Amino acid sequence: MAELLRLQKYIALCGVCSRRAAEQMILEGKVRVGGKIVTELGTKINPDKDKVFVDGKPIREETKKYYIMLNKPTGYVTTAKDQFDRKTVLDLVQDLDARLYPVGRLDYDSEGLLFLSNDGDFTYHLTHPKSEVSKKYKVLVAGNVLLENVRLLRSGVVIDGKKTAPCRVEITGQKENSTELTFVISEGRNRQIRKMCEVVGHDVIKLKRVAIGNVMLGNLPKGKWRHLTEGELKLLMDGEKHADNQRGRK
């Protein structure tokens with residue numbers, strides 16, 4: 001007998017979206033099991049017997065899982081579809097015959113490391129706040145940043161009415177009219193780093209994500225993608241916790 005699965009987990013395993021997004025779709029009445037619309041989050045299904053439909057389309061669990069690293073250029077949105085018909089990151093992986101979804105966000109004006117996958121558990125792990133997966137950014141801002149402002153950024157500043165969590169910030173380059181900062185954060189709030197820099201009086205000129213967890217972007221050309229290695233997958237799924245423990249011993 002097949003194991004019963006929570007409906008939102010099954011939707012994620014089918015590569016439709018993350019578990020959190022699946023929960024929202026269930027609540028909005030977009031999911032049907034057999035001939036019945038289901039809006040109860042605790043619903044369990046039998047994958048071998050129950051037919052599940054999302055937005056009227058049948059879904060099934062993906063037999064092959066894909067884990068893609070992409071060097072996102074600016075000018076692309078990290079959604080499957082865009083209401084304004086802008087280019088999406090999926091346009092950059094059209095040569096791959098798989099239904100993929102962005103793992104997390106990287107805003108339209110930002111570039112760098114982004115993962116794409118059809119594995120809902122992978123997406124859930126990397127994007128859920130409790131996982132606290134770190135992300136590293138190289139950020140070029142206008143003007144010369146004072147050390148007191150770096151200390152403010154590290155301890156947390158208020159954006160959108162809520163203080164940001166403590167993070168790592170270093171000055172890694174400085175010119176006459178600009179400063180390069182390196183940020184390492186574990187939160188994933190909308191345009192967070194841009195808003196943090198604005199609070200201390202500096203506009204972001206360029207923002208590039210260079211690492212997620214212990215996986216680095218490296219020299220992957222802009223606009224190109226590759227499969228993650230087994231070692232990189234292991235680092236992402238269980239290496240972050242180990243890294244946090246190691247940092248705590250120092």
Net lengthening on full extension, Gln83/Glu170 (0.36 nm per residue, minus Cα-Cα): 27.6 nm
Length-normalised contact order of the chain in % [C-alpha pairs under 8 Å, at least 6 apart]: 19 percent
Cα gyration tensor category, rounded, prolate or oblate, for segment 5-59 with a/c compared to 1.5: rounded
Given Lys195/Lys234; Lys44/Lys87; Lys130/Lys175; Lys36/Lys65; Lys72/Lys234; Lys49/Lys234, the pairs whose alpha carbons are separated by over 27 Å: Lys195/Lys234; Lys44/Lys87; Lys130/Lys175; Lys36/Lys65; Lys49/Lys234
Highest average packing first - 75-85, 198-208, Cβ atoms within 10 Å: 198-208, 75-85
Computed label-point distance, nm, for sites Asp48 and Ala98 using a 7 Å Cα→Cβ extension: 2.7 nm
Fraction of beta bridges assigned by DSSP in the chain that are antiparallel (%, nearest 5): 95 percent
Degrees between helix 240-249 axis and first principal axis of the chain (Cα, 0 to 90, nearest 10): 40 degrees
Helix-only CD estimate at 222 nm, as mean residue ellipticity for the chain, using -39500 (n - 2.57) per DSSP H run (n ≥ 4): -6000 deg cm²/dmol
Segment 191-239: C-alpha gyration tensor shape, a/c 1.5 cut-off, then a/b vs b/c: oblate
Protection proxy ranking, peptides 20-32, 53-65, 117-129, average beta carbon neighbours within 10 Å, highest first: 117-129, 20-32, 53-65
Among Asn71, Ile11, Gly161 the positive-end extreme of the charge dipole of the chain (Cβ point charges): Gly161
Within segment 134-212: Cβ-based charge dipole about Cα centre, in debye rounded to nearest 20 (Lys, Arg +1; Asp, Glu -1): 380 debye
Value of D in µm² per second that Stokes-Einstein yields for the chain, Kirkwood Rh from Cα pairs, at 20 °C (1.002 mPa s): 108 µm²/s
Per-residue ³J(HN,Hα) for segment 132-139, Karplus 6.51 cos²θ - 1.76 cosθ + 1.60, θ = phi - 60°, Hz, x for Gly and Pro: 6, 6, 7, 9, 10, 10, 9, 10
Stretch gain in nm, segment Val38-Ser155, where the contour uses 0.36 nm per residue and the Cα spacing is subtracted: 37.7 nm
Burial order of peptide ranges 107-113, 42-48, 8-14 (average beta-carbon count within 10 Å, highest first): 8-14, 107-113, 42-48
Residue order, fewest to most beta carbons within 10 Å, for Lys224, Lys49, Lys130: Lys130, Lys49, Lys224
In sequence order, calculated HN-Hα J values of segment 21-30 (Karplus, 6.51, -1.76, 1.60; Hz; x Gly/Pro): 5, 5, 4, 5, 5, 5, 4, 7, x, 9
Additional length obtainable on full extension of the chain from Asp203 to Arg189, 0.36 nm per residue less Cα span: 3.3 nm
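All of the numbers you see were taken from the coordinates with simple rules; none came from a lab. As the structure is a computational prediction, the values presented were derived from the model and not from experiment. Neighbour counts are summed over all protein chains in view; Cβ atoms, including those assigned to glycine, are modelled from backbone coordinates with ideal geometry.
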